[in-house]
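The values are calculated or read from the model by the stated rules, or taken from the named source; none is laboratory data. Treat the numbers as computed from the prediction; the structure is a model and nothing was measured. Because the Cβ atoms are built from the backbone with ideal geometry, glycine has one as well, and the counts that use them run over all protein chains shown. The accessibility values were calculated without ligands, DNA or RNA, using every heavy atom of the protein model including side chains. Shrake-Rupley method; radii C 1.70, N 1.55, O 1.52, S 1.80 Å.
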Amino acid sequence: MKTEKGWRLDSVGDMQILPGSRHRPPMKKPMWIIILVLFVCVFLICAYIYPPKSKSACYVFSSRGCKGFVDWLPPMPAREYTDEEIASRVVIKDILNSPAIVSRKSKVAFMFLSPGSLPFEKLWDKFFQGHEGKFSVYVHASKTKPIHVSRYFVNRDVRSDQVIWGKISMVDAERRLLGNALQDPDNQQFVLLSDSCVPLYHFDYIYNYLMNTNISFVDCFKDPGPHGNGRYSDRMLPEVEVKDFRKGAQWFAMKRQHAIIVMADSLYYSKFRSYCQPGLEGRNCIADEHYLPTFFQMVDPGGIANWSLTHVDWSERKWHPKSYRPQDVTHELLKNITSIDVSVHVTSDEKREVQSWPCLWNGIQKPCYLFARKFTPETLDNLLHLFSNYSAP
């Protein structure tokens, strides 16, 4: 028994006595961290909802400037191209990457799109005089055979076909003119003009303006309104997506490489031929206003200036631009047109957003327009008188 008792005492003596629980004061919450996190969250939400308007403010967030939220997301996987798209893109890319062939006798091809005789042939004759070998002339008369009064226009008619305003036949006429002009390897620039177009400067200024730059002057802007994207048909998918659908005036000045890819294109042209027509599916799609701007937006957006070199006055907000009559044609009118150095477009939606950008020629802001329309035939005498007083800017 004693032994058993001793063993119990020894066991008790060996036991570790645990300290009793202590009373701990409640932990202090780091309130300043919570407040800071809330402040940052509110700041980011406000920055997303009300993005900064000035470019300088954008760099507070990133050295890359202003970006929408979607720009920070991983890029969407590219869709798989059709066989026709792959073939088209290969051909176009190869043409654009090929070095331009510089001709010793580089010429400007002046391509006139007209229903018949040209009312301003006498003015153009005066414009061309003394510059033989630097230009060529092509006339597409869609209704009646033209009667020429200038030697520069004699025997310069191309095979023509009927042209209906708003339909693909207008684009066909443009391509027909390009095809004929491209047969001359010396033609390096291609200018599309109407029968109501007149030059705003002497020949040398226009020639140097065109020859000494590496871009094409194709009018192109994004119009989300009914007269822009409202004309788009999803039957153009998958090759032509609405995000690439653009609008612009048909009057272009195009370098040779661009003229070649326009002639080489059949894929995108076929989409507009089939699905861009007045009255199709309740839309009034005008092919000549959308085909080339959309085409270049997809294949070479950085290679065009996004404005036309031909001035036209849409201030009356009608289906057709303002026509100039004899009483309108003054030195002041021409001076006002040639002083414009900012390109302006207005969207057709309710916002009537004004899109404007400076007319940059090789990085230098210059007058936007080399030509102007729409002049009535009765203005010829006034224009001939004023032409002798034209001067370079």
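With the cut-off at 18 Å, report for the stretch 203-258 the share of all Cα pairs above it, as a whole percent.
Tail of P(r) above 18 Å: 51 percent of Cα pairs.
Quote to one decimal, in nm, the extra length available between Glu241 and Gln365 on full extension: 0.36 nm per residue of separation minus the C-alpha distance between them.
Length gained between Glu241 and Gln365: 41.4 nm.
Accessible area of Thr213, 1.4 Å probe, to the nearest 10 Å²?
Counting only protein heavy atoms, Thr213 exposes about 20 Å² to solvent.
Along the stretch 285-300, what does the Karplus equation 6.51 cos²θ - 1.76 cosθ + 1.60 (θ = phi - 60°) give for ³J(HN,Hα), rounded to whole Hz, x for Gly and Pro?
With coefficients 6.51, -1.76 and 1.60, one gets 7, 9, 4, 6, 8, 10, 4, 5, x, 5, 4, 6, 4, 7, 9, 7 Hz.
Please compute one quarter of the surface area of the Cα convex hull for the stretch 270-345 and express it in square nanometres.
The orientation-averaged projected area of the Cα hull of the stretch 270-345 comes to 7.2 nm².
Calculate, in nm to one decimal, what Glu332 and Glu281 gain on full extension: separation in residues at 0.36 nm each, minus their alpha carbon distance.
Extra length from Glu332 to Glu281 when fully extended: 13.8 nm.
Residues with beta-carbon under 12 Å from that of Lys107, excluding Lys107: net charge, scoring Lys, Arg +1 and Asp, Glu -1?
+1
Out of residues 5 or more away from Asn284 or on other chains, whose amide H comes under 5 Å of its own, with H placed 1.01 Å from N in the peptide plane?
Here Gly279 satisfy the definition.
At a probe size of 1.4 Å, how large is the accessible area of Trp165, to the nearest 10 Å²?
130
Hey, rough spin-label estimate for Asp161 and Leu384, points 7 angstrom out along Cα→Cβ, what's it come to in nanometres?
Computed distance between label sites Asp161 and Leu384 equals 3.7 nm.
Calculate the length of the line joining the C-alpha centroid of the stretch 272-306 to that of the stretch 354-393, in whole Å.
That distance is 26 Å.
Any chance you could get the radius of gyration and Dmax over the Cα atoms of the stretch 100-160, in Å?
12.5, 37
Enumerate the aspartates and glutamates that Lys143 could reach by cross-link, defined here as Cα to Cα under 12 Å, with residues fewer than 8 away along the same chain left out.
Asp161
By per-residue mean of other Cβ atoms within 10 Å, what is the highest-first order of 105-115, 338-348?
105-115, 338-348
Residues in the stretch 354-380 near a label at Arg325, defined as backbone nitrogen under 17 Å from the 7 Å Cα→Cβ point?
374-380
With label points built 7 Å along Cα→Cβ from the Cα atoms of Asp83 and Lys145, find their separation and express it in nm.
With each label point 7 Å from Cα toward Cβ, the separation is 4.6 nm.
Here is the link list: Lys222/Lys322; Lys107/Lys366; Lys318/Lys351; Lys122/Lys374; Lys122/Lys366. Which ones come out longer than 21 Å on Cα distance?
Exceeds cut-off: Lys222/Lys322; Lys107/Lys366; Lys122/Lys366.
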